Amino acid sequence: MLVANSNSAVLTGIVAALVVISVLLQPCPFALAQTDTRFTPADKFNIPAYDGNISFAVNGSYADATLENGVWTFTNLWFNNSEMVENLAVSAQNSNVTIVWAQVLNTTLRGAFLSYMVEGQGTQTFNFDLKIEGGEWSVLFNEDFIAEGEGWTLSLDHTLTVTGANGNVTLMYILLEARRGNNANLPFYEQHSVAIATGATVAVMVALTVGVKAKRRKDLAAGDL
């Protein structure tokens, strides 16, 4: 048991470091196409038909953004605190969504991650247009895991619908190659790598969200001076 705990602790540190590095590595601004449109946290992507809007907690850019049938679809979406997300379709009904962080990984740890803050207990939908199969979705409301069917549902086209959330929401789709087939003979840390990676990712997302909230409070306080 001591060895298992040691392996778990070591891999948790490694995964956490890898996720943090992926967040901190920022693409060079000069690599952006000249046609990309930049945005700031002040920009709102309204959805009049649904009484909702989408915004981002940090500066960034996108190659294209279209609103169709109440859904904003972003192409080559780039944030200052993460790498580019090729496709993201998002909608908000009776709620305001602020996306803090989004990431798609295609390494040994394959998946998609998104953290957002929501005001108003309406409905939000997200679709990354993923090309990977066999993973598992996890959803957290304010750091608490929520069971499928009790606050979120998943459609056949990988659209994830969140209902009744208020505050911080974390979405994670994770697939590790070690999960395929029989892994009974694998080391402890490979058998439980999904849980370990999930914990590390949650820690990073919580830290980012806390940082955004602290910056907002600081900006508000500065404005009152």
Worksheet entry | Test for Leu156: is it among the hydrophobic types (A, V, I, L, M, F, W, C) and in a loop (DSSP other than H, G, I, E, B) | yes
Discussion item. Here is a list: Phe126, Phe141. Which entry is modelled with pLDDT of 90 or more, of a type in the set (Phe, Trp, Tyr) and surrounded by fewer than 22 Cβ atoms within 10 Å (Cβ to Cβ)?
Written reply: Phe141
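Yes/no matrix, rows are residues, columns are (1) over 26 Å from Glu83 (Cβ atoms); (2) in contact with a helix residue (DSSP H, G or I) (Cβ under 6 Å, 6 or more places away or on another chain); (3) not acidic (Asp, Glu):
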{"residue": "Glu119", "(1), (2), (3)": "yes, no, no"}
{"residue": "Thr123", "(1), (2), (3)": "yes, no, yes"}
{"residue": "Asp129", "(1), (2), (3)": "no, no, no"}
{"residue": "Glu136", "(1), (2), (3)": "no, no, no"}
{"residue": "Ile146", "(1), (2), (3)": "yes, no, yes"}
{"residue": "Asp157", "(1), (2), (3)": "no, no, no"}
{"residue": "Thr161", "(1), (2), (3)": "no, no, yes"}
{"residue": "Asn166", "(1), (2), (3)": "yes, no, yes"}
Worksheet entry | Lone qualifier among Val118, Val104 - being more than 17 Å from Tyr173 (Cβ to Cβ) and outside any loop (DSSP other than H, G, I, E, B) | Val118
Worksheet item: Among the residues of the stretch 80-87, is there at least one that is aliphatic (A, V, I, L, M) and either without any contact (Cβ under 8 Å) to a residue 40 or more places away in the chain or surrounded by fewer than 17 Cβ atoms within 10 Å (Cβ to Cβ) (or both)?
Response: no
Worksheet item: What residue, of Val118, Val202, is at negative phi, surrounded by 17 or more Cβ atoms within 10 Å (Cβ to Cβ) and modelled with pLDDT of 75 or more?
Response: Val118
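The values are calculated or read from the model by the stated rules, or taken from the named source; none is laboratory data. Because the structure is a prediction, the values reported are computed rather than measured. Ideal geometry is used to build each Cβ from the backbone, glycine not excepted, and the neighbour counts take in all protein chains shown.
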